[in-house]
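Enquirer: Shown below is the structure under consideration.
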Amino acid sequence: TEIEKYLQSLSEDEFRFELIGGKNTSSGSVKLGTYGIIRGATTFIIGIMNNSCKNVEKFGYAFEKAVLFLTDLGLGTCWLGGTFNKQQFSKPVRLKENEFIPIVSPVGYPGTGVNIMNSLLRIVAGSDKRLPWEKLFFENTFSNTLSSDAAGQYSEPLEMVRLAPSASNKQPWRILKNENGYHFFLSRDPNYSRLLKYDIQRNDIGIAMCHFELCAEELMLQGLWTIDQCAVELSGSFEYITTWKIS
């Protein structure tokens, strides 16, 4: 299918994506993740990663790209990266000994009408809230907020980052602009990833990178991802990840 071909194009040596479906994967009203209740889902995207995979951001980038592709087709998705039933998905994807499943997402048509339980869960999780611009984007130093005017054409890619999904809506990305480009940092919750045995906050940075680059491409803003050793010295209490160098 078109979806399977697209997922295959996103797969790499360190990770792969599978589309599974059928009655044997129906969730009924089972709570599959730490957020939300999925009803009637029979089709899922399964993210599969090698135990030795180091580039978690690239995995998150690719999975979000798949999510956006499905959204463009009019299909609904929901990131599940918590305590979903991993055993339920291991057999259909023929999981190897050196692989594990960090993320899955149901795929289908969004339900209509208001669901009280889902609305309550979204309120508790703060899913519809986003941090303000001044908490996320900076210029030259982390004590100086980056204004939308100073960002210029990149104000829209940055806004797409601000609106991006993240685990528990923590929005762990911090972006610092200087003459060398846009530097992406991780504001880490030290206990969060340990609970999941997977660095899901680095996964979130990959989602942010995906939103930033795809929006930049749409606006024909040229650049590339690179590592800027000078940016490491600017990190302070944050963890430097990567830099978008403007071409």
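The values are calculated or read from the model by the stated rules, or taken from the named source; none is laboratory data. As the structure is a prediction and not an experimental result, all values here were calculated from the model. When we count neighbours, we look across all protein chains shown, and the Cβ atoms used for this are built from the backbone with ideal geometry, even at glycine.
Enquirer: Scanning segment 3-58 for residues that are assigned to a helix (DSSP H, G or I) and either modelled with pLDDT under 55 or among the hydrophobic types (A, V, I, L, M, F, W, C) (or both), which turns out surrounded by the fewest Cβ atoms within 10 Å (Cβ to Cβ)?
Expert: The residue in question is K23.
Enquirer: Assuming Y61 fulfils every condition listed in (1) hydroxyl-bearing (S, T, Y); (2) at pLDDT 95 or above; (3) touching a helix residue (DSSP H, G or I) at 6+ places or on another chain (Cβ under 6 Å); (4) more than 22 Å from K197 (Cβ to Cβ) apart from one, which condition is it?
Expert: With (1) hydroxyl-bearing (S, T, Y); (2) at pLDDT 95 or above; (3) touching a helix residue (DSSP H, G or I) at 6+ places or on another chain (Cβ under 6 Å); (4) more than 22 Å from K197 (Cβ to Cβ) applied to Y61, the lone miss is (4).
Enquirer: Out of S247, S237, I need the residue that is surrounded by fewer than 19 Cβ atoms within 10 Å (Cβ to Cβ), in contact with a Gly (Cβ under 7 Å, 6 or more places away or on another chain) and of a type in the set (S, T, Y). Which one?
Expert: Exactly one residue qualifies, and that residue is S247.
Enquirer: If I ask for residues that are in a helix (DSSP H, G or I), closer than 17 Å to A164 by Cβ and hydrophobic (A, V, I, L, M, F, W, C), which ones from segment 207-234 would you list?
Expert: Hits for segment 207-234 are I207, A208, M209, C210, F212, L214, C215, A216.
Enquirer: Right, something else. Do we have N144 as at pLDDT below 95 and over 25 Å from E99 (Cβ atoms) here?
Expert: no
Enquirer: Do you know which residues across segment 180-208 are farther than 20 Å from T141 by Cα and touching a Ser or Thr at 6+ places or on another chain (Cβ under 7 Å)?
Expert: D199, I200, Q201, D204, I207
Enquirer: Can you go through D189, D204 and tell me which one is of a type in the set (D, E, K, R) and in a loop (DSSP other than H, G, I, E, B)?
Expert: D189
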